[in-house]
């Protein structure tokens with residue numbers, strides 16, 4: 001992994017701007033390097049993901065930092081759906097699903113990447129769970145010509161993604177492991193583009209530590225305007241290293257991948273791959 005992309009598309013649909021670098025940044029960089037066209041879809045606008053900034057300033061900063069991170073990873077196109085962050089559990093699921101169906105029919109990806117809908121026991125972010133369900137349903141319904149015929153009137157056609165790549169805080173059943181040893185520096189650089197969001201995360205950790213009676217000087221230094229790298233680079237490097245160590249690699253990212261709707265034996269028995 002990965003095989004040469006030859007211009008094929010990978011559609012990555014995630015909730016928040018920093019999800020792309022933190023969960024799969026090394027893999028996205030590898031796909032881009034191998035000639036795949038990576039399309040990154042941010043579902044929410046992250047309008048409240050900051051500390052000490054106005055909502056308007058937060059919107060603008062997170063959008064700009066998202067595009068900067070995507071450029072580091074080699075993402076070919078960025079799509080913004082613009083849902084208010086941290087409210088997707090109140091969103092109309094059919095409206096969100098229709099948006100994803102349209103994107104699938106527009107970009108016609110070989111692979112679709114999103115959160116694993118079965119990782120709920122390890123997932124504490126409702127936006128992630130809502131996106132997981134919407135994208136999973138969109139995978140199926142994008143293939144039905146009776147779902148949203150208005151898309152067909154716009155010149156789009158039903159499309160079937162060959163692969164679904166699921167990620168999460170804890171992947172339920174790992175099927176594919178991507179060696180990101182070579183692209184780990186770009187994953188780190190992309191993550192650090194998210195200055196606004198990562199400083200907000202630091203603020204959350206400070207609040208929790210204070211409640212628990214802990215002092216963490218490094219968090220205080222960052223909150224006072226210090227650099228993020230001394231905290232985030234070791235954290236992300238250690239996390240990727242732990243995953244890699246499970247598979248004899250220096251650094252890695254894990255996924256649950258479903259190919260051909262889970263019916264690969266049907267291909268082996270009745271099909272032949274085009275050259």
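The values are calculated or read from the model by the stated rules, or taken from the named source; none is laboratory data. Please read these numbers as outputs of a predicted model, since none were measured by experiment. Positions of Cβ are backbone-derived with ideal geometry, glycine not excepted, and every protein chain shown enters the neighbour counts.
Just checking, which of 233, 253 is modelled with pLDDT of 95 or more and under 23 Å from residue 42 (Cα atoms)? Spell out how you get there, then give the answer.
Details: 233 fails: under 23 Å from residue 42 (Cα atoms).
Residue meeting the stated conditions: 253.
Just need a number here: residues in the stretch 245-275 that are in contact with a helix residue (DSSP H, G or I) (Cβ under 9 Å, 6 or more places away or on another chain) and within 12 Å of residue 181 (Cβ to Cβ).
Number satisfying all stated conditions: 5.
Check whether at least one residue in the stretch 146-163 is part of a helix (DSSP H, G or I) and either buried (at least 16 other Cβ atoms within 10 Å of the Cβ) or in contact (Cβ under 8 Å) with a residue 24 or more places away in the chain (or both), and report yes or no. Can you show your working first?
At the first step, the residues of the stretch 146-163 found to be part of a helix (DSSP H, G or I) are 149-153.
Narrowing the set further to residues that are either buried (at least 16 other Cβ atoms within 10 Å of the Cβ) or in contact (Cβ under 8 Å) with a residue 24 or more places away in the chain (or both) leaves 151.
Scanning the stretch 146-163 turns up at least one residue that is part of a helix (DSSP H, G or I) and either buried (at least 16 other Cβ atoms within 10 Å of the Cβ) or in contact (Cβ under 8 Å) with a residue 24 or more places away in the chain (or both).
Just to be sure, is residue 47 touching a strand residue (DSSP E or B) at 6+ places or on another chain (Cβ under 8 Å), under 29 Å from residue 90 (Cα atoms) and modelled with pLDDT of 95 or more?
Values: touching a strand residue (DSSP E or B) at 6+ places or on another chain (Cβ under 8 Å): no; under 29 Å from residue 90 (Cα atoms): yes; modelled with pLDDT of 95 or more: yes.
No; evaluated as a whole, the condition is false for this residue.
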